[in-house]
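Enquirer: Pasting in a structure now, in structure tokens, and then I'll have a few things to ask.
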Amino acid sequence: MPITPHILVDADACPVKEEIYKVAWRMEVPVTIVSNAHLRIPQHPLLTRVVVSDGFDAADDWIADHADAGSVVITADILLADRCLKAGAAAVLAPNGKPFTTSSIGSAVAVRAIMADLRAGGDRIGGPPPFGKEDRSRFLSALDAALVRAKRAAAG
């Protein structure tokens, strides 16, 4: 069965949905927007919306269950990124363009756990820096490159 490149988006808090649509339309790659609530998306034959229950990790579970060798997954969730990489996703990108890879995910999961422990202990630690134009630009470049690689792999 041939691998078809496609984009899976963890959409509830994704700041780059418009950028994803534009790249997908230009490259003719289908996109599935997965969320816990109904989100407005443009009417387009390449866009599909999946609304899951509001259960804990329902969107993550759906994405991880559907990730395969043709998937380019967009998520800021480190644990979901880990699950998608283990499922064989072609690429997993954060909305700032940072790729999650099999060689980097272990340390990302460890840092996440340490930060959660610090927060649980009452330590005040800052969150991520504000999302800016550079992040958007880096994301567009990373998504384009990931889709080119996925299309090449699908072509054989």
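The values are calculated or read from the model by the stated rules, or taken from the named source; none is laboratory data. Keep in mind that what you see is a predicted model, and the values were worked out from it rather than measured. Every residue, glycine among them, receives a Cβ derived from its backbone with ideal geometry; neighbour counts consider all protein chains shown.
Enquirer: What's the number of the only condition in (1) of a type in the set (S, T, N, Q); (2) at pLDDT below 95; (3) under 18 Å from Leu140 (Cα atoms) that Asn36 fails to meet?
Expert: Failed condition: (3).
Enquirer: If the requirement is being closer than 22 Å to Asp82 by Cα and at pLDDT below 90, which of these qualifies: Ala116, Ala150?
Expert: One residue alone meets the criteria, Ala116.
Enquirer: Listed residues Ala69, Ala87; which is surrounded by fewer than 20 Cβ atoms within 10 Å (Cβ to Cβ) and touching a Gly at 6+ places or on another chain (Cβ under 6 Å)?
Expert: Ala69
Enquirer: Take the range 13-28 and flag every residue that is surrounded by 16 or more Cβ atoms within 10 Å (Cβ to Cβ) and out of contact with any Lys or Arg (no Cβ under 8 Å at 6 or more places or on another chain).
Expert: Scanning the range 13-28 gives Cys14, Lys17, Ile20, Tyr21, Val23, Ala24.
Enquirer: In the range 1-11, how many are of a type in the set (A, V, I, L, M, F, W, C) and not in a loop (DSSP other than H, G, I, E, B)?
Expert: The total comes to 3.
Enquirer: Let me ask something additional. For the structure I just gave you, tell me whether Thr32 is out of contact with any His (no Cβ under 6 Å at 6 or more places or on another chain) and touching a residue at least 40 places away in the same chain (Cβ under 8 Å).
Expert: In short, no.
Enquirer: If you check Val92, Val73, Val50, which single one turns out to be farther than 23 Å from Ala153 by Cα and modelled with pLDDT of 95 or more?
Expert: After applying the criteria, what remains is Val50.
Enquirer: Okay, next question. So which of Ile7, Ile63, Ile41 ends up being over 10 Å from the mean Cα position of the chain (by Cα) and surrounded by 14 or more Cβ atoms within 10 Å (Cβ to Cβ)?
Expert: After applying the criteria, what remains is Ile41.
Enquirer: Write out, first by first residue and then by second, each pair whose Cβ atoms fall under 6 Å of each other, whose residues are 6+ apart or on separate chains, and whose first residue, in the range 49-74, is of a type in the set (Phe, Trp, Tyr) while the second is surrounded by 23 or more Cβ atoms within 10 Å (Cβ to Cβ).
Expert: Here the result reads Trp62/Val34, each pair linking the range 49-74 to a residue that is surrounded by 23 or more Cβ atoms within 10 Å (Cβ to Cβ).
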